[in-house]
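The values are calculated or read from the model by the stated rules, or taken from the named source; none is laboratory data. What you are looking at is a predicted structure, and each value in this text was computed from that prediction instead of being measured. Every residue, glycine among them, receives a Cβ derived from its backbone with ideal geometry; neighbour counts consider all protein chains shown.
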Protein chains: 2
Amino acid sequence: MPKVTEGHRESRRQAILDAAQEVFLGKGYQLATVDDIATKGGFSVGALYRYFPTKSDIMLTLLEERLSRGPELLRRLTSDRESPWESLTRCVDIFVSALRVRHPSTGRLLLVAWGETLQDGTVRQGLQRRFGGLIEYLASLVRQGVETGDFRRDADATAVAAILVSLADGVTLYWSVGTPDVYLHDMRTAALQMLKAYLKPPAAGEEPST
Amino acid sequence: MPKVTEGHRESRRQAILDAAQEVFLGKGYQLATVDDIATKGGFSVGALYRYFPTKSDIMLTLLEERLSRGPELLRRLTSDRESPWESLTRCVDIFVSALRVRHPSTGRLLLVAWGETLQDGTVRQGLQRRFGGLIEYLASLVRQGVETGDFRRDADATAVAAILVSLADGVTLYWSVGTPDVYLHDMRTAALQMLKAYLKPPAAGEEPST
DNA sequence: GTGTAAAATGAGTGAACGCTCACTTTTTAT
DNA sequence: ATAAAAAGTGAGCGTTCACTCATTTTACAC
């Protein structure tokens, strides 16, 4: 069996995905050529087609492997032992720090994906699933807070979650395209204040904070 | 002078823009061919090139003529005689109704534009100008409310405005791609509640509302 | 080493696309 | 009617691109 080791095959696959992502981020999906990808990665076009049947499949794989992890990520990084409000705050902060330092390129990948939704139903479904997954998790946090009495009783969990996800993606778009850094910090602060003012109105005898 | 009337020239130009917009909305910019546009509009490719020097110019004109009018539109539809809070509410409602009934396709056009920002600096600048214009107007409304004492004194006008615009564009994206209609109404309600809770905290002797 | 099968190569292929231009049709002034 | 000039046509040109395949290189078992 002269086959190469499984580990080598996987690392090659990732190298192709890395090269493709870099090229897609630079020129968008449609304008990126498979030659671009091969050149960037230092391998031949033929090698690429040994791992992916079409150019479009590379994009779909990128979406699946590097953009659909949002919900799990949030779930893993927030603990059940903190209050719903702390979890929500942490979600916002995870988003902001991911945008700024951790995975700044993921925002641009999302932008490329959005552009493709018009033409490719599979991409569209992928983004819809992602939307649904994120909403579901954030809404569960809100509902939890309502049940424990931390949040106002008539809070619309789904609507709040949808607002947060839409806001996050809107910010991501403008960020990918050059929103000033200073906005991001102030938006984080103001968004959390708005969220708190809505979810925890200072009606009862809560600490007034600021 | 055998030239045709100016009115006819302009209506022809608009016909080309209409056809192009429809095609762009259907397949995105890159995948739309000038033949598609010509066929859709019922004229020849050559005629098209008599009005626009390149395919890219058609897209840029669409952006300029049909997507950059946001700030003026809001300014015109909100009156100086209503309170800042009423103006803000009206802005949100104008956005929602534009999305749902008035210009539902504009959202998709925005989506196409976003997809092109990676490759085309001119498109990117156009969207940034639009962002800046919208923020400027919404922030002025908030500042006005702060000055008249309607809103909390430490409200961050720019951040609130940036949040509203980002949220609107995020919603537009998901809407273009098939967000359920019911979300939109509930999001409107919840967003206004959050905004009000932040801007007009029931600290002083305001009417409790809700 | 040597054999061998998988991995990799890259020039080539056919199709598609943006744009042109020699030509035809339409419009208006006289 | 006639002429002149602008408007409109669409086959064709040159280029680009996703993908193929005959051939070469590589990695491993023995």
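Some observations on this one:
- Selection within region B:1-34 - within 14 Å of chain A (Cβ to nearest Cβ) and buried (at least 17 other Cβ atoms within 10 Å of the Cβ): B:21, B:23, B:24, B:25, B:28, B:29, B:30, B:32
- Index of the failed condition, residue A:93 passing every other in (1) within 15 Å of DNA strand D (Cβ to nearest atom); (2) modelled with pLDDT of 95 or more: (1)
- Identity of the residue in region B:160-185, touching a Ser or Thr at 6+ places or on another chain (Cβ under 7 Å) and not aromatic (Phe, Trp, Tyr), that ends up nearest to the other protein chains (Cβ to nearest Cβ): B:170
- Failed item, numbered, when residue B:171 is tested on (1) over 19 Å from residue A:171 (Cβ atoms); (2) in contact (Cβ under 8 Å) with a residue 12 or more places away in the chain: (1)
- Residue that is nearest to DNA strand D (Cβ to nearest atom), among those in region B:35-44 that are in a helix (DSSP H, G or I) and surrounded by 13 or more Cβ atoms within 10 Å (Cβ to Cβ): B:38
- The set of residues from region A:186-203 being at the interface with another protein chain (Cβ under 8 Å from one of its Cβ atoms) and either touching a Lys or Arg at 6+ places or on another chain (Cβ under 6 Å) or assigned to a loop (DSSP other than H, G, I, E, B) (or both) comprises A:201, A:202, A:203.
- Verdict on residue A:181 being closer than 18 Å to residue B:131 by Cα and touching a residue at least 12 places away in the same chain (Cβ under 8 Å): yes
- Region B:77-154 holds helices (runs of 4 or more DSSP H) entirely within its bounds, and those carrying 3 or more residues that are within 11 Å of another protein chain (Cβ to nearest Cβ) map to B:104-116, B:121-147.
- Tally of residues being within 14 Å of another protein chain (Cβ to nearest Cβ), hydrophobic (A, V, I, L, M, F, W, C) and within 13 Å of DNA strand D (Cβ to nearest atom) across region A:45-72: 1
- Subset of region B:12-59 (residues that are in contact with a helix residue (DSSP H, G or I) (Cβ under 6 Å, 6 or more places away or on another chain) and near DNA strand C (Cβ under 7 Å from one of its atoms)): B:32, B:34, B:45, B:55
- Residue check, residue B:106 surrounded by fewer than 22 Cβ atoms within 10 Å (Cβ to Cβ) and touching a residue at least 40 places away in the same chain (Cβ under 8 Å): yes
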